[in-house]
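A.B. asks: Pasting in a structure now, in structure tokens, and then I'll have a few things to ask.
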Amino acid sequence: MCRDCKKPYYITTAIAYTSGKPHIGNTYEIVLADSIARYKREQGYEVRFQTGTDEHGQKIELKAEEAGITPKEFVDNVAAQIRSIWDLMNTSYDKFIRTTDEEHEVQVQKIFKKLYDKGDIYKGYYEGLYCTPCESFFTESQLVDGKCPDCGREVQPAKEEAYFFKMSKYADRLIRHINDHPEFIQPVSRKNEMMNNFLLPGLQDLCVSRTSFTWGIPVSFDPKHVTYVWLDALTNYITGLGYDCDGNNGELFEKYWPADLHLIGKDIIRFHTIYWPIFLMALDLPLPKQVFGHPWLLQGDGKMSKSKGNVLYADTLVDFFGVDAVRYFVLHEMPFDNDGVISWELMVERMNSDLANVLGNLVNRTISMSNKYFGGEVRNGGVSDAVDEDLKQVVLAAVGKADAKMDNLRVADAISEIFNIFRRSNKYIDETMPWALAKDEAQKDRLATVLYNLVEAITIGASLLESFMPETSARILTQLNAQKRSLEEMKEFGLYPSGSKVTDKPEILFARMDLKEVLEKVEAMHAAEAAADAEDAPAAEAEDVIDIEAKPEIEYEDFAKLQFQVGEIIACEAVAKSKKLLCSQVKIGSQVKQIVSGIKAHYSPEEMVGKKVMVVVNLKPAKLAGVLSEGMLLCAEDADGNLSLMVPEKKMPSGAEIC
């Protein structure tokens, strides 16, 4: 702990990927980091708080192409949007780094070359299953239900020349470090996951370059390669401090590295607790002191995603509830190591119960009574009762408990301790009944003491609240005509200057909300968004519709003779004697059929593998270019002769009947 010194403290968030607007689950991380950074400043640390954006990769390149702009234009737009949301949420970061910053790109190239010269990086070929959204390769055994283990999306087979990092060279050293530093990975459940699922079974060498796209930092000595996203992205934590691979480090790096805390989502814990420490070992740099993999903020019972249509955005919630109410909710509702849940209903409930009633009503009542009974003057009448001592003990104990919770990153628990101050103060009003004391002139000094104790308790609670709800804290203290207390000052009850005057016009901090009205506004908002999307959608053009010559009508019995089933392509290769044909091995139920199709101009063999397709399975076998074909894959064809395989809209098992 550091109370009187200015010991450096370096905290970072993961850098947000610039593929689109961050939802409230993404925004939670920056608010969480901000609350920790603010509290560390209160503890006396000289804090360096860094966040930013991750801007390279194939996914960005594809999205920019879809938008008809350059990748740099695309990431400029999204990075500005991300930063505006971070600012909207009143986060106090010191550095917003972008991986397209020139100084970052230069150092990434130097780092790559240094590790190559050292023998830690070598050139080879990668053949595996690739997830584009995650920018990650996987083996078959690492997949979950045949899909990406990180995001659950489809993976595609890929093979390309690449550079690799020798992960196994440093694995034993990393295992020893984790065992010797139990605080390194938090919570403990994340540490166990990394050790048991990845480190102890043995690490595979890591692909650190790509040649199949160009939007990345070129490898300086082999420019057809671009640096793989994780070697690029993770190094932001040191390049943002002025790290120089040649040894000419900036003052910030010398002062703040190693990081005290990397705050990241649990879904990228592997990259930060395995890849990143190993990169640092290879660079002969000290490891960060702690990596905390926070849980997810879920909408209902699932992770937020645009595909599920359950995304909530910070700016939308702020429009409804205000910045500090949203900050309170995401911080208070997120357990230490379990996922939290957000919903409109729960937001309204917390707004009404915690913010409007417990906090807002307390402040309003206290100021109003001070004005009504003493013209706004707050003085210590010196007439104490046993109930006063209990109030003081609860308040001072809450300060100590909140401080201890924050040292262990239990932010939600710390906020609960602060609100215990406000709850106890409300109870104190009920116990002392100031309105009854006001009726007896002989109790005037006792009434003054009660109101003084309330103002003092609220001042301490509001000061402690600053790290989590900074605007609300300032508004309360302004109305009380009080100065924000330091942590040391909060340990003493009775520092409010007797004779000071509170505001004569108390403001409503948080207004109660009607759930029905809120849900009606939400429904109207969604309807307006849907209408806007429909209006912006391009009108159908002539090319979108094709009329073909009709064939003679058939009876149902003719159609019923055909058997259609879902098949899964498990292997595919070009037919050697043909320019048009691909030969696929298609699993249909428990059988595998060989099917030859004239689609080579439209699909590569690698693209075919893993697809679920619609198959006519009872065609009489025939030979095409000397290769036996036992069925037919169904395709659609446009006016220009472009083909598209017909695939099931929803997940279907191999062998499912098409009827």
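Values quoted throughout were computed directly from the atomic coordinates according to the rules given, and no laboratory measurement underlies them. Keep in mind the model is a prediction, meaning the values are calculated, not measured. Virtual Cβ from ideal backbone geometry, glycine too; neighbours counted across all protein chains shown.
A.B. asks: Could you give the nm distance between label points at ASP244 and LYS620, where each point is 7 Å from its Cα heading toward the beta carbon?
C.D. replies: Modelled inter-label distance: 8.0 nm.
A.B. asks: A follow-up question, please. Give the distance, in whole Å, between the Cα centre of the range 114-163 and the Cα centre of the range 224-287.
C.D. replies: Value for the Cα centre distance between the two parts: 21 Å.
A.B. asks: Within 10 Å of each residue's Cβ, count the other Cβ atoms and sort HIS262, HIS602 from fewest upward.
C.D. replies: Values: HIS262 24, HIS602 17.
Final ranking by Cβ density, sparse to dense: HIS602, HIS262.
A.B. asks: Using Cα atoms only, what is the angle between the long axis of helix 411-432 and the major principal axis of the chain, expressed in degrees (0 to 90) to the nearest 10?
C.D. replies: 30
A.B. asks: Still on this structure: For the chain, take the longest principal axis of its alpha carbons; what is the angle in degrees between that and the long axis of helix 24-42, to the nearest 10 within 0 to 90?
C.D. replies: 40
A.B. asks: Of LYS113/LYS289; LYS72/LYS147; LYS59/LYS600; LYS59/LYS147; LYS587/LYS620; LYS6/LYS95, which pairs sit farther than 23 Å apart, going by alpha carbon to alpha carbon?
C.D. replies: Over 23 Å Cα-Cα: LYS113/LYS289; LYS72/LYS147; LYS59/LYS600.
A.B. asks: Still on this structure: Taking R0 as 35 Å, what's the FRET efficiency between GLU254 and ILE69 from their Cβ-Cβ distance, rounded to 0.05? Write down the numbers at each step before the final one.
C.D. replies: Working: r = 40 Å, r/R0 = 1.14.
For R0 = 35 Å, the calculated efficiency reads 0.30.
A.B. asks: On a full-extension model of 0.36 nm per residue, what is the gain between GLN204 and LEU283, subtracting their alpha-carbon distance, rounded to one decimal in nm?
C.D. replies: My answer for the length gained is 26.5 nm.
A.B. asks: Work out the FRET efficiency for PHE336 and ARG41 from their Cβ-Cβ distance, taking R0 = 25 Å, and round it to the nearest 0.05. Working shown, then result.
C.D. replies: Working: r = 22 Å, r/R0 = 0.89.
It comes out at approximately 0.65.
A.B. asks: In whole Å, what is the distance between the alpha-carbon centres of the range 371-397 and the range 590-659?
C.D. replies: 80
A.B. asks: Then there's this: In sequence order, what are the phi-derived ³J(HN,Hα) couplings for the range 461-470 according to the Karplus relation 6.51 cos²θ - 1.76 cosθ + 1.60 with θ = phi - 60°, rounded to whole Hz, with x for glycine and proline?
C.D. replies: x, 5, 5, 5, 6, 4, 5, 9, 9, x
A.B. asks: Give me the one-decimal nm value for the distance between modelled label points at LEU495 and ASP117, 7 Å along each residue's Cα-to-Cβ direction.
C.D. replies: Calculated label separation equals 5.4 nm.
A.B. asks: Now for a different question. Starting from the amide H of GLY376, placed 1.01 Å from N in the peptide plane, find each other amide H under 5 Å away whose residue is 5 or more places distant or on another chain.
C.D. replies: ASN371
A.B. asks: Ok, one more. Which whole-Hz ³J(HN,Hα) couplings does the range 114-128 yield from phi under the Karplus relation 6.51 cos²θ - 1.76 cosθ + 1.60, θ = phi - 60°, glycine and proline marked x?
C.D. replies: After applying 6.51 cos²θ - 1.76 cosθ + 1.60, I find 4, 5, 5, 4, 6, x, 7, 10, 9, 8, x, 10, 10, 10, x Hz.
A.B. asks: Also: Please rank CYS151, CYS572, fewest neighbouring Cβ atoms within 10 Å first, as an exposure proxy.
C.D. replies: CYS151, CYS572
A.B. asks: Loop by DSSP (not H, G, I, E, B), at most 15 other beta-carbon atoms within 10 Å: where is the longest site-free stretch of the chain for GluC sites (Glu not before Pro)? Intermediate results must be reported in sequence, preceding the final value.
C.D. replies: On the way: sites that count: GLU154, GLU183, GLU488, GLU492, GLU507, GLU541, GLU549, GLU553, GLU555, GLU649.
No qualifying site falls inside 184-487, the longest such stretch.
A.B. asks: How much length is gained if the chain between VAL627 and CYS151 is pulled fully straight, taking 0.36 nm per residue apart and subtracting their Cα-Cα distance, in nm to one decimal? If you can, show how the numbers build up before the last one.
C.D. replies: Working: separation 476, 0.36 × 476 = 171.36 nm, distance 3.89 nm.
Taking 0.36 nm per residue and subtracting the Cα distance, the gain is 167.5 nm.
A.B. asks: Return the long-range amide H neighbours of ALA16 (sequence gap of 5 or more, or a different chain), with a cut-off of under 5 Å between placed amide H atoms.
C.D. replies: GLY52, THR53, ASP54
A.B. asks: Which percentage, to the nearest 5, of the DSSP beta bridges contained in the chain is antiparallel?
C.D. replies: Percent antiparallel among DSSP bridges in the chain is about 70.
A.B. asks: Still on this structure, I have one more. Under the Karplus relation 6.51 cos²θ - 1.76 cosθ + 1.60, θ = phi - 60°, what is the ordered set of whole-Hz ³J(HN,Hα) values for the range 170-186, x standing for Gly and Pro?
C.D. replies: Ordered by residue, 3J(HN,Hα) equals 10, 4, 4, 5, 5, 4, 5, 4, 5, 5, 7, 10, x, 7, 4, 10, 10 Hz.
A.B. asks: If you don't mind, another one. How far apart, in nm, are the 7 Å Cα→Cβ label points at SER368 and SER92?
C.D. replies: Distance between the two pseudo-spin positions: 3.3 nm.
A.B. asks: Using a 10 Å cut-off around each Cβ, can you sort LYS561, LYS191, LYS166 from fewest to most neighbouring Cβ atoms?
C.D. replies: LYS561, LYS166, LYS191
A.B. asks: With a ≥ b ≥ c taken as the square roots of the eigenvalues of the C-alpha gyration tensor of the range 131-282, please select rounded if a/c is under 1.5 and otherwise prolate if a/b is larger than b/c or oblate if it is not?
C.D. replies: Here the range 131-282 falls in the oblate category.
A.B. asks: Mind listing the long-range amide H neighbours of VAL383? Cut-off is under 5 Å, sequence gap 5 or more, other chains count too, H placed in the peptide plane at 1.01 Å from N.
C.D. replies: For VAL383, whose amide H was placed from the backbone, the distant partners under 5 Å are THR449.
A.B. asks: Moving on to the next point. For the range 556-658, what are the per-bin percents of Cα-Cα distances with bins 10 Å wide, up to the bin holding the maximum?
C.D. replies: Values per bin, smallest distances first: 15, 49, 32, 4.
A.B. asks: Filter the chymotrypsin sites (Phe, Trp or Tyr not before Pro) in the range 165-260 down to the DSSP loop ones having no more than 13 other Cβ atoms within 10 Å, then list what survives. All intermediate terms of the calculation are to be shown ahead of the outcome.
C.D. replies: Details: sites: PHE165, TYR170, PHE184, PHE198, PHE213, TRP215, PHE221, TYR228, TRP230, TYR237, TYR243, PHE253, TYR256; in loops: PHE184, PHE213, TRP215, PHE221, TYR228, TYR243.
Sparse-neighbourhood loop chymotrypsin sites (Phe, Trp or Tyr not before Pro): PHE221.
A.B. asks: When the Cα centres of the range 66-109 and the range 487-533 are compared, how far apart do they sit, in Å?
C.D. replies: Distance between centres, Cα-based: 31 Å.
A.B. asks: Now for a different question. Between VAL592 and ALA511, what is the FRET efficiency for a Förster distance of 60 Å, r being their Cβ-Cβ separation, to the nearest 0.05? Don't skip to the answer; put the middle values down first.
C.D. replies: Numbers: r = 66 Å, r/R0 = 1.10.
The value I calculate is 0.35.
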